[in-house]
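Right, one structure below, let's go through it.
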Amino acid sequence: MDLRQAIQLRRSVRCFQDRPVDRAVLEDLIRGAVWAPSAMNTQPWMFHVVSGNSRDRLCGIMSQAFDRLRPRLEALFKKSMVGMIRGYFTHFGNAPHLVAVTAERLEIPEYQEGAIQSVAAAIQNFSLLAHEAGLGTCWMTGPLWVASEVEAFLGVPQRRLVAVLTVGWPDQEPPVPPRREGVVAWLE
Ligand SMILES: Cc1cc2nc3c(=O)[nH]c(=O)nc-3n(C[C@H](O)[C@H](O)[C@H](O)COP(=O)(O)O)c2cc1C
């Protein structure tokens, strides 16, 4: 697949088929994702692939994020949209796998920022490679509202949760959100 095509046609998928992804396929995506650049070549990422019963338990923990987000969502969206988000934060599109991605936890804010940006680059690589393989993903920071609970569940309280991705075979063709104009400033 052409790179630009992959970038442009990747969508956030929120509805998945009831079919797991082979472990070898997931391993291959991660092997590709780690070719991201990283601050001072620290390669600070860790991918935690969560499936089966563990996936159900993690969904239960992440669904608590909705309660913490609810007042903000109610201020921003219509009731029907808040209801949809609540549903999504219960079943997570029935994704067979959740991939939590963590960074090293660092004391110095500038180092921490570098680590998080490095992990984000690896997440984007993972998402594009998944798309190329015909898989769907949804990159989610909503679970950060319960970050310490997720880190404890993963058994890595010393690391920092960056995002959780749903991963699976898509069962929808998501709409294409148009891109904003006016995002470049030229200084000469
Ligand atoms: C940093 C980041 C955080 C996101 N968090 C969530 C989330 O918590 N829940 C969710 O459903 N989608 C989440 N998304 C997906 C965005 O909603 C989505 O990328 C955006 O609506 C554009 O749609 P597209 O990815 O199909 O182009 C997140 C995306 C990014 C990059």
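A few notes on this one:
- Positive-end residue of Gln112, Leu76, Ser127, charge dipole of the stretch 3-168 with Cβ unit charges: Leu76
- Percent RCO, i.e. relative contact order, over the stretch 3-168, from Cα pairs under 8 Å lying at least 6 residues apart: 37
- For the stretch 56-71, 3J(HN,Hα) computed residue by residue from phi via the Karplus equation (6.51, -1.76, 1.60; θ = phi - 60°) reads 5, 5, 5, 4, x, 5, 5, 5, 5, 4, 4, 4, 6, 7, 3, x Hz, glycine and proline entered as x.
- About the centre of its Cα atoms, the stretch 66-115 shows a dipole size close to 540 debye [charges on the beta carbon of Lys, Arg (+1) and Asp, Glu (-1) only; nearest 20 debye].
- Across the stretch 172-181, coupling constants 3J(HN,Hα) worked out from phi with the 6.51/-1.76/1.60 Karplus curve, θ = phi - 60°, read 7, 10, x, x, 9, x, x, 8, 5, 8 Hz, and Gly and Pro carry x.
- A DSSP coil position with no more than 15 other Cβ atoms inside 10 Å describes the following chymotrypsin sites (Phe, Trp or Tyr not before Pro) in the stretch 142-188: Trp186.
- Measuring nothing but protein heavy atoms, the accessible surface of the stretch 19-91 at 1.4 Å probe radius is 57 percent carbon and sulfur.
- Dipole magnitude (debye, nearest 20) for the chain, charges at Cβ of Lys, Arg, Asp, Glu: 580
- Dipole-positive endmost among Ile85, Ala152, Val34 within the chain (Cβ charges, Cα centre): Ile85
- Under 5 Å, built H, 5+ apart or other chain: amide partners of Leu165: Val99, Ala100, Val101, Met140
- Note that the stretch 5-22 has calculated 3J(HN,Hα) couplings of 4, 4, 4, 7, 8, 4, 10, 6, 9, 10, 8, 10, 6, 7, 8, x, 9, 4 Hz, one per residue in order, obtained from phi through the Karplus relation 6.51 cos²θ - 1.76 cosθ + 1.60 (θ = phi - 60°); glycine and proline are x.
- Accessible area of the chain divided out per residue, in Å², using a probe of 1.4 angstrom: 61
- Sites listed here are GluC sites (Glu not before Pro) in the stretch 106-186 whose DSSP assignment is loop and whose Cβ has at most 14 other Cβ atoms within 10 Å: Glu107, Glu181.
- Placed amide H near Met46: partners under 5 Å, 5+ positions off or other chain: Thr102
The values are calculated or read from the model by the stated rules, or taken from the named source; none is laboratory data. Treat the numbers as computed from the prediction; the structure is a model and nothing was measured. Using ideal geometry, Cβ is built from the backbone for each residue, glycine included, and neighbour counts are taken over all protein chains shown. Note: areas computed on protein heavy atoms with side chains; ligands, DNA, RNA excluded. Shrake-Rupley method; radii C 1.70, N 1.55, O 1.52, S 1.80 Å.
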